[in-house]
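The structure appears below as structure tokens.
Each reported figure results from applying straightforward, stated rules to the coordinates on display, with no laboratory input. Everything numeric in this text was worked out from a predicted model, so none of it was measured. Every residue, glycine among them, receives a Cβ derived from its backbone with ideal geometry; neighbour counts consider all protein chains shown.
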Amino acid sequence: MVDLRPVVLTAVALAVAGCSVPGPGGAPDGIHDPYEEKNRKVHDFNRNLDKKLFSGDGPGYAGTVPPFVQERVSSFADTVSLPQTVVNQLLQGRLVRATSSSLRFTLNATIGVGGMFDVAKEWGLDPDESDFGETLAVWGVPEGAYLEVPVLGPSTERDTAGDVVDLFTDPLKYVVPTPERYIGTVAKGLDTVGERSKFGGTVDSILHGSADSYLQFRLMYLQNRRYELGEDAPGADFDPLAVDTEGF
């Protein structure tokens, strides 16, 4: 078994050291974004990349791949992500959730034909996700500054550090041989593409049709992420769908 303690400890140290915090006056509107100038450049890159990948004239993933196939891909992607979820839930001390996720993985990986069908949900075991960014939050590591990461999109210093650790804490990577271990990664990627295509109209209206898509995506991400973690969300009265299309 690979000893992951050095990786985890290094990431925690980097997260604590790198998570900048606001000054005595606090962050305006609860949003700490000292790297806005650089973030906006990355956002422009991500927006242009999204336009090239998803704004063509063709029907796209959601229009060409049958819904049944999309559901199988999504279910499989969820199943292969569960072992890593269990690891994080154990690190968070959430034994009930870890047990539920373990049972969910066992049922879907066996009765669910290798994760192709979500039979565990019928047994009352609903989907449950967790990552090392959440683990850091449980351990008391501050959120830090807002970041926009190339290709991956909105994040924070804490979540970015968590993403690095998550590269090494997936148990399946250490038991599934190459190249089979990459099937799960491909499935997760296709599931992400499917989600983007499914909500294409809404995403396009905000990302490509709003006056300032950077501000809106930043607020949407922080609202959603802090809600997931049980933290105070900024801009509770903000309506992300009330976009201003006169800016472009």
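What is the gain in length, in nm to one decimal, between LYS121 and VAL164 on full extension, counting 0.36 nm per residue of separation less the C-alpha to C-alpha distance? Provide the component values of the computation, followed by the final result.
Numbers: separation 43, 0.36 × 43 = 15.48 nm, distance 2.99 nm.
Length gained between LYS121 and VAL164: 12.5 nm.
Sorted by packing (mean other beta-carbon atoms within 10 Å per residue), highest first, where do 214-222, 32-40 land?
Details: 214-222: 19.6, 32-40: 15.8.
Packing order, densest peptide first, comes out as 214-222, 32-40.
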Search the structure for amide H atoms under 5 Å from the amide H of LEU147, placed 1.01 Å from N in the peptide plane, and list their residues when 5 or more places away or on another chain.
SER155, THR156, GLU157
Which whole-percent values make up P(r) of the stretch 126-194 when all C-alpha to C-alpha distances are grouped in 5 Å steps starting at zero?
4, 14, 18, 23, 21, 13, 6, 1
Table column - 3J(HN,Hα) (Hz), the stretch 214-229, Karplus curve with 6.51, -1.76, 1.60, x for Gly and Pro
4, 4, 6, 5, 4, 5, 4, 5, 5, 4, 5, 5, 5, 5, 4, 8
Hey, rough spin-label estimate for ALA27 and LYS41, points 7 angstrom out along Cα→Cβ, what's it come to in nanometres?
2.1 nm
List, in order, the whole-Hz ³J(HN,Hα) value for each residue of the stretch 166-173 obtained from phi through the Karplus relation with A = 6.51, B = -1.76, C = 1.60 and θ = phi - 60°; use x for Gly and Pro.
4, 5, 10, 9, 8, x, 5, 5
List the lysines whose Cα sits under 23 Å from the Cα of LYS41, skipping any in the same chain fewer than 8 residues away.
LYS51, LYS52
Starting with the highest mean, order 191-197, 44-50 by the number of other Cβ atoms within 10 Å, averaged over the residues of each peptide.
191-197, 44-50
Reachable lysines from LYS173, criterion Cα separation under 30 angstrom, eight or more residues apart if same chain:
LYS121, LYS188, LYS198
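What is the sum of charges around ALA109, taking Lys and Arg as +1, Asp and Glu as -1, for the other residues whose C-beta is under 12 Å from the C-beta of ALA109?
Its environment carries a net charge of -1.
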